[in-house]
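Please read the structure below before turning to the comments.
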Amino acid sequence: GGWSLLVAASGLSCLGLGDSAASVVGVLAGRVRPFRGSRKTAEGTAAGAAAMLAGWAAMSAMLLGMGHTHVCGGGCGGALGLGGHLGIVWLSAATLGAALLEAVTHQLDNLIVPLYYAAHLLLLVGVSDGGCGGWLGVLGS
């Protein structure tokens, strides 16, 4: 189903965009280390979250360009049935949660963080929304 695209995209967003941006920005511009004993920086964490959100925005634009009408809610009420704009707020919260989890996880973060993120995104699009479309338009379209 469409949810498999969401799970695959969440892994790409998390590792391909978020982890890469966090690493580059953290190494080049990172100054603030909020967690004692960790090499990870606040600047890297923020860059990772921003890169992930930019990836979702690009995917949404691409889907709209391909004729999908359920992006950011369409007529179905969006993620959680609460409207497109609130769906974006929830997506941002899940993304920030994944970025923070990556910042505090020392071992196996490339396994744990994508699983966390995929699970939360599946909750956000509402697997039980009756095929209404969800935030990215990948369910039921």
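The values are calculated or read from the model by the stated rules, or taken from the named source; none is laboratory data. The shown structure was predicted, so the numbers you read here are calculated from the model rather than taken from an experiment. So basically every Cβ, Gly included, is an ideal-geometry build from the backbone, and we count neighbours across all protein chains shown. Only protein heavy atoms, including side chains, enter the accessible area calculation; ligands, DNA and RNA are left aside. Shrake-Rupley method; radii C 1.70, N 1.55, O 1.52, S 1.80 Å.
Taking the highest mean first, how do the peptides 28-41, 104-117, 50-63 order by number of other beta carbon atoms within 10 angstrom per residue?
Numbers: 28-41: 12.6, 104-117: 15.4, 50-63: 17.4.
Answer by packing, highest mean first, reads 50-63, 104-117, 28-41.
Can you tally the net charge around residue 105? Count Lys and Arg as +1, Asp and Glu as -1, for every other residue whose Cβ sits under 12 Å from the Cβ of residue 105.
My count for the surroundings of residue 105 gives -2.
Please arrange 96, 6, 123, 15 by accessible surface area, largest first, computed with a 1.4 Å probe and ligands excluded. Please report the intermediate quantities before stating the final value.
On the way: 96 90, 6 5, 123 120, 15 60 Å².
Greatest to least solvent exposure: 123, 96, 15, 6.
Label residue 28 and residue 58 with points 7 Å out from Cα along Cα→Cβ: what is the distance between them in nm?
For the pair residue 28/residue 58, the computed spacing is 1.5 nm.
What number comes out for the charge environment of residue 49, summing +1 per Lys or Arg and -1 per Asp or Glu over other residues with Cβ under 14 Å away?
Details: positive: 40; negative: 19, 43, 102.
Result for the neighbourhood of residue 49: -2.
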